[in-house]
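Only one structure is covered here, and it is reproduced in the block below.
The values are calculated or read from the model by the stated rules, or taken from the named source; none is laboratory data. Nothing here was measured: the structure is a model prediction, and the numbers come from that model. Don't worry about glycine lacking a Cβ; one is built from the backbone with ideal geometry, like all the others, and counts go over all protein chains shown.
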Amino acid sequence: MCGIIGYVGRKPALPILIDGLRRLEYRGYDSTGVALVQPSEVTVLKAAGRLSVLEGTLDYDAHPQTHGIGHTRWATHGAPTNVNAHPHADSSGKFAIIHNGIIENNRTLRTYLEQKGVIFTSETDTEVLVQLIAQLYEGDLEQAVRLALREVSGTYGMAVVCADEPDLIIAARKGSPLIVGVGQGEHILASDAAAILAHTTQVVYIGDNEIARITPDSLRITTLDAVPVAKETEEVEWTLDQIELAGYEHFMLKEIYEQPEALENCLRGRIDLKEGVIHLGGLADCARELTQAKRIIITACGTAWHAGLVGEYLFEELLRVPTETEYASEFRYRNPIIDEGTVVIAVSQSGETADTQAAIREAKQRGALVIGVVNVVGATIPRETDAGVYLHVGPEIGVASTKAFTGQVAVLALISCFLGRRKHLSPSAAMQFMKALSAIPDQIRTTLGHADTAEKVAREYASRENWLYLGRGYNYPVALEGALKLKEISYIHAEGLPAAEMKHGPLALITDGMPVVCIATTGSQYDKILSNISEVRARGGSVIAIATEGDKDIQDLADHVLYVPDTLEPLQPLLTVIPLQLIAYHAAVIRGCNVDKPRNLAKSVTVE
Ligand code: M6R
C-alpha cells in the first residue's frame, strides 16, 4: 500500500527520498512524488506510474534542499494520475502533505473549505487535509496540524512541510504506521523500516494519536492533546542485506530460499530439547489464561489465513480445544460470539492488515484475550494485542508471502506444543514433536535441493489456464496456499480443495491434461488421497504429486512426483508448501509476469 518517506538533515534530500521510495516499491503503488522544502518555497515533483517515470524527470543538481517528503500512492480516492499523486500542496503552495489512510469525513470538510473559497485541484481526501491545515495555520505548523486532526475522522499516517518553517516535518499517525529513524544530525521518517535501514537501525515508533515534530537535531512526540510522550529509541533487528536481492532475480525466490535460515531464527531459543519444554516469552504472562481457553478463534487474511487453518488443526489435535479460523473481514461484521474463555489469535505478516486490525478491535471490545502472531516488530497489531509471538523470519518484500507462511505455521506449532504440554500432550509426544520441528529447517534445505523438478513442472504446464490443488487434513490448507500462490503471481486460475470434495462437483472440471497438484504425503489419509488421484487420472487429468521421499509406488499414479522428507503429519505443511511455492514462482517467470509486484496487489493491505 502507500508508502511514506521524509528526510530532515544536512545532506541533499532528493536522492535519499528516491532511494527510500525505491525500498517502499514492494508495497505496491501507482504513482510517486516528492516535496522539497527551502525557505519560502516548497517544490513538488510527482508522476503517475512507476518510480522510474518520476526519476526520468529529475535533475538532482537542481535540488540541493536538505529537507523533504516523498510518497508512493495506491489510489483510493481519485484515479492514479499526476494530479492525484502525493504530495498535495495547498492553494498557496506553501504547504505540502503526504498521507496514507483515508479521511472519512473528507466530503464534509471539502464542502466547508469550498464555502470558505478554497479551490481544489485534485479529487483526493488528502488535499482536503492540507487545505485545512493551511486554513488553520497561524505561524505554528504543529499547532495547525493538531487543530486540523481534531476535525478529521478516519485513518492517517501523514507528514506535512511548510515553506515558512523549512527545517521541520510534522508527522502524525492514526491506524497507519510511522517510524522515525534517528541518525547523526538527521532524522528519516518512514512508513516502513525498509526505507530507513540504509541510514540507521535506531528508530522511534510513533503511536496512534501522536504527533511528531521532527528537525535534523530534535524529535519531539506529543499526543493530539499536546501531552509530551516519552519514547525509547529501539533497534530494528532487520539488516540491509535482508531487503536487497543479493544476486537473486526476485525477492520471492530469495525468500523461498531463505526459509531454512528464517525458520532457524524463528525456532532459535524457543525449543529446549534438554528440558523438553517450549519457551515463548511473549505468552508467559497469559499462559494460564490461554491454557484455560474453552474456544480459540484464529483470524487472518490470505496466506496468513491458510497458516491459521493449519493452526486450527494443530490446536484441536494437540490441545483438544475447539478452534475455528475466520477471515478477519468476515469476523468483524458477523456479530461474532465471544464467550468467556474465548481466545482470539490474529495472524499477520505485516501486522498492519486493516481487516485483521479491525477484527482484533472487535474481539477486544467483546472481552476476548487477543494474541498476535506477527512478523514485523513494532507494527500496529502487536501493539494492540494483549500478548504475542513474533515470527522473526526477517523482512518479506515479495508480495507473495512465502517465508511468512512457514514462519506462521512454525509459530502456531510452537504455541500448540507450548499449551499442549500444559494440557493433554504427554512429555514423550511433546519431545517427539519438538525434535521433528527442530529438524524442519534442514528438511526444507533438502526439499529446495529438488527445485529443478518444480521448474520442469512449471515449464510443462505454465500455459494451462486452470489448475487444481488437492490436499487432505493438514495438507488441505497447503492446497489452498498453493493455489493462491499460483493465481496471485502468474494470473492462472487455480483452486485449492479438500481432495474428497472432488466428487461433489469439481471433478466435472477435469479435462485432458488439466494440471492437478495432489499433496499425497504418507500419513493417516494416504490411501484416501491415492483414490482421489485415481479419480483424477481416470478423467484424463495430469497429476503432479507431492510425496514423501522413498514412496516409489506413487510414480505409477502420477505424471510428476516432487519429494519432501518424512516428518510428523502436523508438520508436513512446512515441507509440502515448498514445491508449490517454487512451481508458482517458475510459472510466473515463464509467463513473463512481474513476480514481486503482481498486478492489482499490494504487500500490505491497509484499507478495508
Ligand atoms: O500482512 P498479512 O499477513 O496480514 O497479509 C495478509 C494477506 O494480505 C497476505 O497474506 C496476502 O494474501 C499475500 N499476498 C499472499 O501471498
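The table that follows gives values for the structure above.
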{"read-out": "Residue under evaluation Leu36, criteria (1) crowded, with 23+ Cβ neighbours inside 10 Å; (2) touching a helix residue (DSSP H, G or I) at 6+ places or on another chain (Cβ under 8 Å); (3) not in a strand (DSSP E or B), criterion not met", "value": "(3)"}
{"read-out": "Top-ranked residue in the range 22-46 [being at pLDDT 95 or above and of a type in the set (Gly, Ala, Ser); ranked as nearest to Gly6 (Cα to Cα)]", "value": "Ala35"}
{"read-out": "Residue check for Val389: assigned to a loop (DSSP other than H, G, I, E, B), outside the structural domain of Asp566 (by TED's automatic domain parsing) and either surrounded by fewer than 24 Cβ atoms within 10 Å (Cβ to Cβ) or within 15 Å of the ligand (Cβ to nearest atom) (or both)", "value": "no"}
{"read-out": "Criterion violated by Ile211 - all others in (1) assigned by TED's automatic domain parsing to the domain that holds Leu437; (2) crowded, with 19+ Cβ neighbours inside 10 Å satisfied", "value": "(1)"}
{"read-out": "Answer from Ala85, Ala75, Ala79 - the residue that is crowded, with 22+ Cβ neighbours inside 10 Å, part of a loop (DSSP other than H, G, I, E, B), assigned by TED's automatic domain parsing to the domain that holds Asp19 and of a type in the set (A, V, I, L, M, F, W, C)", "value": "Ala85"}
{"read-out": "The range 567-608 - residue that is part of a loop (DSSP other than H, G, I, E, B) and among the charged types (D, E, K, R) and, of those, modelled with the highest pLDDT", "value": "Arg591"}
{"read-out": "Residue under evaluation Ser52, criteria (1) of a type in the set (S, T, N, Q); (2) touching a helix residue (DSSP H, G or I) at 6+ places or on another chain (Cβ under 8 Å); (3) assigned to a helix (DSSP H, G or I), criterion not met", "value": "(2)"}
{"read-out": "The range 397-425, subset part of a loop (DSSP other than H, G, I, E, B) and β-branched (Val, Ile, Thr), residue farthest from the ligand (Cβ to nearest atom)", "value": "Ile397"}
{"read-out": "Residue within the range 44-55 that is touching a residue at least 40 places away in the same chain (Cβ under 8 Å) and among the polar types (S, T, N, Q) present", "value": "no"}
{"read-out": "Long-range neighbours under 6 Å by Cβ, at least six apart or interchain, first residue within 15 Å of Gly351 (Cβ to Cβ) within the range 391-405, second more than 8 Å from the ligand (Cβ to nearest atom) and assigned to a loop (DSSP other than H, G, I, E, B)", "value": "Pro395/Trp238; Ala404/Glu396"}
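The rows are residues; the columns are (1) acidic (Asp, Glu); (2) more than 24 Å from Glu488 (Cβ to Cβ); (3) out of contact with any helix residue (DSSP H, G or I) (no Cβ under 6 Å at 6 or more places or on another chain).
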| site | (1), (2), (3) |
| --- | --- |
| Ala545 | no, no, no |
| Gly550 | no, yes, yes |
| Asp553 | yes, yes, yes |
| Ala558 | no, yes, yes |
| Val561 | no, yes, no |
| Asp566 | yes, yes, yes |
| Thr576 | no, no, no |
| Pro579 | no, no, no |
